[in-house]
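**Student:** Pasting a structure below so you can have a look.
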Amino acid sequence: MNTSHQSTPTQLSNQVVAYEVDYSPEAILEAGHLMIEDIETHTKTLELGYKLRKDVWAREVKDLQSQRMPITMIGICGATGSGKSSLLNAVLDDNYVPTSGMRACTSVVTEISYHGKSSIEGDVSFLSDAEWRAELGVLLDDLKDADGNLKHVKNMRSEAGIAWSKVHAVYPSVTQEQLITMTVDEIIDLDIQVAGLLGMTKCISAHNSATFNEEMGKYIDSTSSGKKKPSQRAKGKKVADPSGSRTVKPSISQPSPSASRPTARSEVPINNSDEMQAALWPLIRQVKVRCNAKALSTGAILIDLPGVADANPARNSIARDYMKKCDRFWILAPITRAIDDKTARDLMGEAFRLQRLMDGRYDDNTITFVATKCDDVSATEIIKSLGLEHDPALEEIEAQIETCQADIGECEEQIAIHKETIEALDVDLAELFSEITRLKGYFRDQTGDVSPGRKRKGVGEIAGSPKRQKLSNTQDETHPMEVDGDDDSESASSLNEELEESESSITPEALRERIEDLDQQVKDLQTQLREQCDLRNANGEQLAALKKAESSWQREKISYCSLKRNEFSCEVLKEEFRLGLKELDDSVAMQRNASSSEVMPEKSSPDYHDYYAMDLPVFTCSSRDYSKIRGQVKGDGEPVCFSDVNDTGIPQLQQWCHSLTFPSRERTATNFLARLRTFVASIQSYVQDVSDVTPADREALRARWESADPRQSQARSLHCYPDQTGNPAGVMHRLVKDFTTVVGEYVCQLQKTFRDGLEEKCKVGAIMAAEKAIVTAREFANGMHWRTYRATLRRHGSWKGDLNVVLCNPFTRHIASSWVKVFEADLFASVEKVMNETIMTVLTEIELSAPPGLRERAKGQAERVLRDARFALVQTLDLVREVMHQEQKEVSHSLAPHVQEQLVPGYDSAAAIRGQGSVAKQKDVFQEYLKTIQHNVFADAAGVIIGRLSQAAQSIGHVLNIALSRLAEKIEVSVAVLWEGPRDREQMQARKQVIIAMSEIMDRVQRLQAATNDEAHERDTTPV
């Protein structure tokens, strides 16, 4: 489907509007909004005496105008170092996501969405005062050892190191020794400006990513921690930092290790010009970025979920809320890990998979795996591990490399020979120049003549001209060539010997001839030298070309190996995903079969999963090479692996962003057109000419079926105006009464369904979780460093692992199969059938009660109303299903928080223990507390689950009542055309104009529907 966004249609007149649109969902919605404006303009010319019609039409116009494309929230999951920030910047085609600062702020959720502005906007929200106070309390405890004394920081990745880095970043002038003697209130009072930021949101706007990152860095950059403006007094001097972690310049307000603790702002003036500046990244609660990245233009929102746990419950709560909201998940891991066994299963651990299963979101339509850093290549290892030694394509590449290397070797050999020859020629020329100079001197001494021969450019000039000597001795030596200069070398040596023997008897004329002869020899040697330099230069160019070719083939080899590894990794990850889901199903089935006699589901059963048909979307990406090819980053050199941007995998991932949003966008556009068509049809029905119906017949029908005083609330109207059978008079009142009865029965039935399907399972799951709780808690504690365990207690079980979730796993695992079975069933099939029957009953009664003059028209109108009502009911139930899905996720996420809340006293009691042997005592205290409440806490959890499900059923009933009440109003308005009619000539003329306009709009709606249906059919029948 063409998703380009074209210009909006323009209105030509009140009756004719020309629409030039494509058929993308966005274009359809835009065209529909213009049609709604046209409808609103025309319907204002009608006098709608019936207030209910006015209200219903006004609400319908408002609802249609407010219709927008849905968003698709994509959670990006991956451990720290998995390349999330680089991947996001590559997908977004710009450096929207700061990387340096976020390394220290990986626990913060970052939401990246689209807006149509050219600027980049961001919101940085800070922790509230209460949230920061709570976190400071935990961080201060992390800085103390088992005896309550200062824990000296040696490892910055430890709990104490993380705590110190956070507090020191915000309050850089306070030492560790001072810090542990201060209260939370005293620490916050140190800096009024920092305290003033708490609870605030800073908005940032920039016209380019460089400026945006610079502005954002002021809040999230960890590298600014401890920076200060230089002091003239302290210039050139250094002292040891009191923390012992680094060296800083001294300042007036910099306290020494022995200084007394600061207790007021005046004692530690944090914001002096000579004072170290506070970094704000530990105070950040959440970051939101809005940009015009094309990948997000169709409604995708990328959520960078934390790669590490956090000490702050507020940030953890935000992360958990986003986990519930996300429609899709991308799991990121470096490809070097992805090809290891069980990586996909390890990254999507049991708790993650169980939770996604309980959310109804664990399948190949929800999970996408992205292998990052595909340009991290060792060709030798890949060839060995994948068995590519005899791969034909690779053999061809390696043959080309070997050919290039052989040619390079030959070329270098020639260069060496030519270099040696050139050096020999230089030596010979030097000897000749020296001899000519000597002979010229001797000639001058004998004759007194400056020049031994004719005035010409001979040997003397060459030897005597510094410029000519420089040119002859400094030839370009960058590229060697081959030449034979042995004869001339021997000639020069013999000449020297001959001159030495005959020098005493030589005559001036003979001397002149010898000098001219040497001059000629120099010319010959220089000619040879130039020739060799030319050959050497040509050979040098050839060598450069060969090396470039070899480099190109080497990159081709690396690229080929990387692509082969990508292919292999995709298949491994797909298979691992299938195995992971099968393991989960098998584990759930074992729990189920242990307590029942259920058999494995047949292929025809909805519980049956065809694992081999599942095709996990896997993308292999090189963010760095993509950014280099596109020039997104400067100064990082050439791409190391790929030269074709498509081989980096980023363009395919960008397209995947659009593909993930397409189903919901297409569904929204389709439903919008159907709803618009229904609305136009209802207007057409109202304005049609019914002059052949007598006023008496109209009034008879009105008296029986018009709801009196529709302005009254639903609650007051239910039992007003009863007819002879005791039912409320009026279509709306009658339907609302019947709908309310049906919904009430349905809510009770839904609650019973939840109890029958899950209550017993929850009770058994609670017993299983309680029985395993002590062992689980002991294994959890023994599986981590004692400092990490102590930090986990201080954070109520949720730190680098979540003990609350682990304790709930036996419970969750036991109910998972039944949970999925309950929610995968069509919970609304029965209510939909009853609602349709209720509507049909009322419409049949209307038809039968119509006077003979209206009966035929009543029959036709009833058929149209029933058709429209069924469509409206389907949309209503779609809305309710979405509400049900949200309730399902809310309830499924409530188990661990409930358990955590019950265990808080135990966590606090254990965390308070100090002194020698405190770790063992902490484990014993917590496990003893758990032992006393283990059965109650999980039994209560089972009750919480069933109770929340019962509340969810009531919420569904409330939503249904509201939606069905509106449906009842629509139905009455549609039926009311039987007893309504124009009251004067002017209104009859207005109706004729509206009929023309509505026919035109209906035609356009039908054309759009036909076009979208054709495209959908073409897409479905086109092979992938």
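**Student:** Quote the FRET efficiency, to the nearest 0.05, computed for GLN875 versus GLU402 with a Förster distance R0 of 51 Å and r equal to the Cβ-Cβ distance.
**Tutor:** Numbers: r = 68 Å, r/R0 = 1.33.
Efficiency, from the Cβ-Cβ distance: 0.15.
**Student:** While we're on this one: Where the accessible area of the stretch 61-100 is counted over protein heavy atoms with a 1.4 Å probe, how much of it, in %, is carbon and sulfur?
**Tutor:** On the way: 720 of 1420 Å².
About 50 percent, which is the carbon plus sulfur part of the accessible surface.
**Student:** Starting from the Cα-Cα distance between THR380 and ASN782, subtract it from 0.36 nm times their residue separation and give me the gain in nm to one decimal.
**Tutor:** 140.7 nm
**Student:** Rounded to two decimals, what is the ratio between the C-alpha radius of gyration of the stretch 131-173 and 2.2 N^0.38 Å?
**Tutor:** 1.09
**Student:** What does the accessible area per residue of the stretch 381-448 come to in Å², with a 1.4 Å probe and no ligands, DNA or RNA counted? Write down the numbers at each step before the final one.
**Tutor:** Details: 3830 Å² over 68 residues.
Normalised by residue count, the accessible surface of the stretch 381-448 is 56 Å².
**Student:** When each pair of different Cα atoms in the stretch 919-1014 is counted once in the 1/r mean, what is the Kirkwood radius in angstroms, to one decimal?
**Tutor:** Roughly 20.6 Å, rounded to one decimal.
**Student:** Per-residue HN-Hα couplings for the stretch 401-415, Karplus 6.51 cos²θ - 1.76 cosθ + 1.60 at θ = phi - 60°, whole Hz, x for Gly and Pro?
**Tutor:** Karplus values, whole Hz, x for Gly and Pro: 5, 4, 4, 4, 5, 5, 5, 5, x, 4, 5, 5, 4, 4, 4.
**Student:** Another question about this same structure. For a protection proxy built on the mean count of beta-carbon atoms within 10 angstrom, sort 943-950, 801-808 highest first, please. Write out the running numbers ahead of the final one.
**Tutor:** On the way: 943-950: 18.2, 801-808: 22.4.
For the peptides 943-950, 801-808, the packing ranking is 801-808, 943-950.
**Student:** Quick one: plug the Kirkwood hydrodynamic radius of the stretch 386-453 (C-alpha pairs) into Stokes-Einstein at 37 °C, 0.692 mPa s, and report D in µm²/s.
**Tutor:** Stokes-Einstein gives a translational diffusion coefficient of 193 µm²/s.
**Student:** What are the extents of the Cα atoms of the stretch 510-587 along their three principal axes, in Å, largest first?
**Tutor:** The principal-axis extents, from largest down, are 111, 14, 6 Å.
**Student:** In addition: Considering all projection directions equally, how large on average is the shadow of the alpha-carbon convex hull of the stretch 611-688, in square nanometres?
**Tutor:** The number I arrive at for the stretch 611-688 is 10.0 nm².
**Student:** In whole Hz, with x marking every Gly and Pro, tabulate ³J(HN,Hα) for the stretch 865-874 from phi via Karplus 6.51 cos²θ - 1.76 cosθ + 1.60, θ = phi - 60°.
**Tutor:** So the Karplus estimates, Gly and Pro as x, are 5, 5, 4, 5, 5, 4, 5, 5, 5, 4 Hz.
**Student:** Sort 827-836, 766-775 for me by packing, meaning the mean count of neighbouring Cβ atoms within 10 Å per residue, highest on top.
**Tutor:** 766-775, 827-836
**Student:** Moving on to the next point. Which of the peptides 35-42, 621-628 is most tightly packed, and how do the rest follow, judged by the mean count of other Cβ atoms within 10 Å per residue? All intermediate terms of the calculation are to be shown ahead of the outcome.
**Tutor:** Working: 35-42: 18.5, 621-628: 26.2.
Put in order of decreasing packing, that is 621-628, 35-42.
**Student:** Continuing with the same structure: Using the scaling law 2.2 N^0.38 Å as the reference, what is the normalised Cα Rg of the stretch 763-856?
**Tutor:** My calculation over the Cα atoms of the stretch 763-856 gives 2.27.
**Student:** Set the bar at 20 Å for Cα to Cα. Now go through LYS151/LYS931; LYS117/LYS288; LYS564/LYS634; LYS294/LYS324 and name every pair that lies beyond it. If you can, show how the numbers build up before the last one.
**Tutor:** On the way: LYS151/LYS931 32 Å; LYS117/LYS288 15 Å; LYS564/LYS634 29 Å; LYS294/LYS324 26 Å.
The pairs that break the limit, which is 20 Å between Cα atoms, are LYS151/LYS931; LYS564/LYS634; LYS294/LYS324.
**Student:** A follow-up question, please. Share of the stretch 894-999's accessible area from carbon and sulfur, percent, 1.4 Å?
**Tutor:** On the way: 2400 of 4670 Å².
After summing per-atom areas, the C and S share lands at 51 percent.
**Student:** Give me the base-10 log of I(q)/I(0) for the stretch 153-200 at each q in 0.30 Å⁻¹, Debye formula, one uniform scatterer per Cα, rounded to two decimals.
**Tutor:** Relative scattering, expressed as log10 I(q)/I(0), comes to -1.17.
The values are calculated or read from the model by the stated rules, or taken from the named source; none is laboratory data. All values derive from a computational prediction rather than experimental measurement. When we count neighbours, we look across all protein chains shown, and the Cβ atoms used for this are built from the backbone with ideal geometry, even at glycine. Just the protein is used for accessible areas: all its heavy atoms, side chains included, with ligands, DNA and RNA removed. Shrake-Rupley method; radii C 1.70, N 1.55, O 1.52, S 1.80 Å.
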